[in-house]
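As structure tokens, the structure follows; a few thoughts come after it.
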Amino acid sequence: MLEVSDLDVSRAFYRDLLGLEETLYGESREGRYWYLIGDGARLGLWTPQTGIAGGRGGAHVHFAFAVEDADLEAIGERIVAGGAEIEGPVELGPGRAIYVTDPDGNVVEFWSQDMDAYCRGARQDGLADW
């Protein structure tokens, strides 16, 4: 979950520019939107409010989406065509990454490392082969 200062601007960034699938499934509160990330994760955008356990959300250093390396260039082109600047691609371990900053200053990374291989290595050896 990210706390955002302008929900409409942030919705346009994540939904329209980045192409994430917006959903309100199971949500009954104002000032909150959810975005489906693959089959097992979601991202929440909330206006300033007190959440579970008194949490306030806030800015994070960055978060990352795992993407196929073959898709990285198209993702970068889509973001630039939408009017945002990207950093990269940069070589990062066995993959490449691009970065874009959202309207609230959160850095979003798209990284092409093979996360299945990384998780297998981490679980088998206790160390990830990166």
Out of all the residues in the range 87-97, is one or more modelled with pLDDT of 80 or more, more than 16 Å from residue 2 (Cβ to Cβ) and open to solvent by 90 Å² or more (accessible area, probe 1.4 Å)? yes
Residue pairs qualifying under the 6 Å Cβ cut-off, at least six apart or on distinct chains, with the first in the range 109-122 being modelled with pLDDT of 70 or more and the second being surrounded by 15 or more Cβ atoms within 10 Å (Cβ to Cβ) and part of a helix (DSSP H, G or I), are 110/75; 112/72
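The values are calculated or read from the model by the stated rules, or taken from the named source; none is laboratory data. Just so it is clear, the structure is predicted and the values come from calculations on it, not from any experiment. Cβ coordinates were reconstructed from backbone atoms using ideal geometry, including for glycine residues, and neighbour counts include every protein chain displayed. Heavy atoms of the whole protein, side chains included, go into the accessibility calculation; ligands, DNA and RNA do not. Shrake-Rupley method; radii C 1.70, N 1.55, O 1.52, S 1.80 Å.
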